[in-house]
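Asks: Here it is, the structure, as structure tokens.
The values are calculated or read from the model by the stated rules, or taken from the named source; none is laboratory data. Because the structure is predicted, anything quoted here is derived from the model rather than measured. Glycine also receives a Cβ, built like all others from the backbone with ideal geometry; neighbour counts cover every protein chain displayed.
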Amino acid sequence: MNKSYFATIDIYINALYLIYKIHIHLNILNFELYCQLYIDFKK
């Protein structure tokens, strides 16, 4: 009972961490895109 409970929590935490990493990665890509658009706009 306890072992499967902790395994479930572990899977849950790993899933959240993966979502968090993907989210940060997308934000960085968006930031770079905005910077590029801003630079192009200023020219």
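Asks: Tell me, please, whether a residue that is at pLDDT below 90 and among the small types (G, A, S) can be found in region 5-16.
Replies: Yes, that holds for at least one residue.
Asks: Looking at F41, is it loosely packed, with under 10 Cβ neighbours inside 10 Å and either assigned to a helix (DSSP H, G or I) or modelled with pLDDT under 90 (or both)?
Replies: It is true that F41 is loosely packed, with under 10 Cβ neighbours inside 10 Å and either assigned to a helix (DSSP H, G or I) or modelled with pLDDT under 90 (or both).
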